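Quick note: the coordinates plus some simple rules give every number you see, no bench work behind them. Because the structure is predicted, anything quoted here is derived from the model rather than measured. Cβ: placed from backbone, ideal geometry, glycine included. Neighbour counts: every protein chain shown.
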Amino acid sequence: MNHMFLFKIGFLPVSLLDVLDVLIVGYLMYQIYKLLRGTIAFNIFIGLLTMYVLWWLVERLGMDLFFAVLDQFVSVGIILILIIFQPEVRRYLLFLGNTTLRQRSNVLGRILDRNLDTSDARQAQKRIIRETLLRMARRKTGALIVLSREASLEGLVNSGVVLDAVLSEAMLESIFNKNSPLHDGAVIIDKNRIERASAILPVSENPDLPTTVGLRHRAAVGITERADVAAFVVSEETGRISFAYDGRLTQRLDEEQIEQLLDTHLV
């Protein structure tokens, strides 16, 4: 495989396959980090990783007794990981399936709909969400709206009421009305339709979140830690609008910021 040789680092030859190998492993580790970040499972994963490193080290040092003890844990390590991280493994496999099959199958549709992306229909969707958020903020109506961004939430969000309704201001406001049986939960928006209402989302356990944020904000951050989605939150106490994406929370949004975020994240 000399034709694949690229360069040397000291005496170590580096080939194209070596570079590809590092990139693939790095990508997978980054996705695992995103999947577990802000959860107790992340601490468990670090503990297991530390145990494997220690197992490798004591083997190299020839500490036979310590190695024999650790080897009993490592020998069943794969089964242990599958038991402890069963929900995370399932979500990760769903994530891989979503990013490789579903998104690539939509490439042709995106090309065909390229002209529709900046059409009046998309502008109407932005206006509906923006105006609804601002109106609910003025009235201090608590709300949690998730933009699916073509990500699959299967395995993450299976609760709530399936609506598959046309997106409208009246529909969103009626859902989050305090007297509505659907107000206590999240609304999932997929393209121009309200896919689900009163959905229960996974709550973030990130200790770095402000102590002042409530359950809605933690749920918004939690779903964005586990899927490539975005979420808007309206505080019932203050009327302030917040935004969550990629596990990060941005608070006290104004109208201009909401417009920019919708431009970026509304698919």
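Values as computed for the structure displayed
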quantity	calculated
Efficiency of FRET from Cβ geometry, residue 46 and residue 208, R₀ 22 Å, rounded to 0.05	0.85
Shape box of the range 117-265 [Cα atoms, principal axes, largest first, Å]	42, 33, 33
Residue 150 long-range amide H proximity, modeled H, under 5 Å	191
Nearby aspartates and glutamates by direct alpha-carbon distance to residue 191 (threshold 19 angstrom, same-chain neighbours under 8 apart not counted)	113, 117, 120, 131, 150, 154, 164, 169, 173, 228, 259, 263
Relative contact order of the range 117-265, defined on C-alpha pairs under 8 angstrom at six or more residues apart (%)	27 percent
Which of 29, 171 has the fewest Cβ neighbours within 10 Å, and the rest in rising order	29, 171
For the range 168-224 versus the range 141-155, the gap between their alpha-carbon centres in whole angstrom	8 Å
Per-peptide average of other Cβ atoms within 10 Å, ordering 14-25, 48-59 highest first	48-59, 14-25
Förster radius 22 Å - calculated FRET efficiency between residue 126 and residue 180 (Cβ-Cβ, nearest 0.05)	0.35
